[in-house]
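The values are calculated or read from the model by the stated rules, or taken from the named source; none is laboratory data. None of these values were measured; they are calculated from a predicted model. Glycine gets a Cβ as well: all are built from the backbone with ideal geometry, and neighbour counts include every protein chain shown. Please note that ligands, DNA and RNA were not included when accessible areas were found on the heavy atoms of the full protein model with its side chains. Shrake-Rupley method; radii C 1.70, N 1.55, O 1.52, S 1.80 Å.
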Amino acid sequence: MRIFSAVRPTGEIHIGNYLGSINQWIELQEQHDCYFAIADLHAITTPYDKNALKDKIFNLAVTYLSLGVNPDKCAFFVQSKVREHTELAWLIGTIVPVGELQRMTQFKDKSKQHKEYVNAGLLNYPILMAADILLYKAEGVPVGKDQKQHVEFARNAGEKFNKQFGECFPIPEPIIPTNQANIMSLRDPEHKMSKSGDQKGCINVFEEEDSLRKKIMSAETDTGKEIKFDLENKKGVSNLLSIYSAFSKIEIPALEQKYEGKSYAEFKKDLAELLILKLGEIKKKRDSYYKNPDIIFDMLDKGAEKAREKAQKTIEEVKQKMGL
Ligand code: TYM
């Protein structure tokens, strides 16, 4: 299967990104033809600091490599280095209705969040994302649940293109992890864990130990006592169980059994120590990469070269089909 996915270099990577998406990248690269991008063109649709962007891209690349992305097994590159992404976005943009863009949940949320910066790029965000996916004729797109709507948009765009101009794109399927489809904020389990939300509810992959312990220990639970997965009535506890299960690879029912009759505090303490252990291993790898920045840039350039090869072929085909 051909796979495409991407992440925006908008800040530190949190465990929601890790469990929602990166974890899957690492598994998929073992068996599939994978293209993974750092979506810098998507990152500039909301306010950002242009002087910090390069560092953020570098840090993200280091983080992903530390988490297990292997450039020998996939094409790992920066989106803006492969111009065909924007070229295909323009072409796709001519066949999708504006109304569909205006109805996108992320557009509605972000335009409320950044009232002063509702730019056309933000509205067209799903078009660029569809182009990212279709450019590689990807069949699978590993993402967190929050991006499902955007992948559906890409499916519609692909179908519409095929119908209008002749068979060209496979219709991509979202690949969403089952247990931990959406990791929620530790402070407000009604909302997903997010880089831009309440920092106390968000655990970064490189979170300091003390702060990690504090965040887990003060995570929102409920007035009950039972450690049970119940998304209706126990959102906070369910979220912690999802995190625990993903990091320990122990199924949720087995965890419920393990913590039967135990307190929230005991459960949280174990979870914090588990995270410290697992994230500590990743930190060690990161430190070794930081010592060799040139290797990282070199590797990203090679990834872009590999991606460009495929991208150019698709663009030629699309242009020809569209009569250009
Ligand atoms: P971004 O940078 O917001 O998030 C990167 C990935 O992490 C997932 N994610 C989560 N999963 C579970 N729980 C959470 N709390 C959580 N927060 C984030 C996201 O679903 C995503 O998979 N538009 C994309 C980037 C992108 C892309 C693409 C993805 C650009 N082009 C093409 C797939 C295909 C985004 O904003 O990701």
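Can you find, within segment 183-201, the residue that is least open to solvent (accessible area, probe 1.4 Å) among those that are within 12 Å of the ligand (Cβ to nearest atom) and either closer than 24 Å to H32 by Cα or basic (K, R) (or both)?
K195
Here's the yes/no breakdown for (1) open to solvent by 80 Å² or more (accessible area, probe 1.4 Å); (2) within 12 Å of the ligand (Cβ to nearest atom):
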site	(1), (2)
P142	no, yes
A154	no, yes
L212	no, no
E220	yes, no
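In the set G303, G261, which member is open to solvent by 70 Å² or more (accessible area, probe 1.4 Å) and of a type in the set (G, A, S)?
Unique residue meeting the criteria: G261.
Could you check L19 against (1) modelled with pLDDT under 95; (2) of a type in the set (A, V, I, L, M); (3) within 12 Å of the ligand (Cβ to nearest atom); (4) surrounded by fewer than 21 Cβ atoms within 10 Å (Cβ to Cβ) and say which number it fails?
Failing condition for L19: (4).
Looking at (1) surrounded by fewer than 22 Cβ atoms within 10 Å (Cβ to Cβ); (2) within 17 Å of R8 (Cα to Cα); (3) modelled with pLDDT of 95 or more, which is the only condition L91 fails?
Unmet condition: (2).
Just the residues that are under 16 Å from the mean Cα position of the chain (by Cα) and among the hydrophobic types (A, V, I, L, M, F, W, C), please, taken from segment 155-182.
I175, I176, A181
For the condition more than 21 Å from the chain's Cα centre (by Cα), crowded, with 20+ Cβ neighbours inside 10 Å and not β-branched (V, I, T), what is the one hit in L255, L240?
L255
Name every residue in segment 159-177 that is within 13 Å of the ligand (Cβ to nearest atom) and either of a type outside the set (V, I, T) or outside the structural domain of N124 (by TED's automatic domain parsing) (or both), in order of residue number.
So in segment 159-177, the residues within 13 Å of the ligand (Cβ to nearest atom) come out as 172-177.
Listed by number, the residues that qualify are P172, E173, P174, P177.
Here's a check for you: in segment 1-15, which residue that is open to solvent by 10 Å² or more (accessible area, probe 1.4 Å) and farther than 17 Å from N59 by Cα is farthest from the ligand (Cβ to nearest atom)?
Among residues in segment 1-15 that are open to solvent by 10 Å² or more (accessible area, probe 1.4 Å) and farther than 17 Å from N59 by Cα, the one farthest from the ligand (Cβ to nearest atom) is M1.
I want to confirm something. Restricting to segment 22-54 and keeping residues that are assigned to a helix (DSSP H, G or I) and of a type in the set (S, T, N, Q), which single residue is modelled with the highest pLDDT?
Q24
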